[in-house]
């Protein structure tokens, strides 16, 4: 399990889900052919054995596929959805808009929380460190 997900247990999903997601996305090449998440979920649920897949399971499976190297791009919002990129530029745009911005935001949150915690408990932390 990733260090940033300690304590998080990803939802289980049945065999065949990864294959079905990839099959559907193979028809969604390029940003202009993105499929909305609700439509992707509905299409997956048509397959026998996958009728009870939840949105959370779908997202967890897509996360797993991405970590395995699957080029699955997505974006949120009104025109959002999932698609297979047709160029490096689409991958780069996805990473810049969706991934790197989240990394930056999470880092900003972490730094602000650490600063606030040190301001709140700094003396106690210093005293505890002296004990060891």
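Each value in this text was obtained by applying a stated rule to the coordinates, not by laboratory testing. Here the structure is a predicted model, which means the values were calculated and not measured. Here the Cβ positions follow ideal geometry from the backbone for every residue, glycine too, while neighbour counts run over all protein chains shown.
Here are the numbers:
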quantity	calculated
Fewest-first sequence of 18, 12 by Cβ atoms within 10 Å of each Cβ	12, 18
Order of 41, 17 - criterion: other Cβ atoms within 10 Å of each residue's Cβ, fewest first	41, 17
Sequence ranges 44-55, 83-94, ranked by mean other-Cβ count within 10 angstrom, highest first	83-94, 44-55
Largest-first principal axis extents of the Cα set of region 1-85 (Å)	37, 30, 23
Burial order of peptide ranges 30-39, 109-118 (average beta-carbon count within 10 Å, highest first)	30-39, 109-118
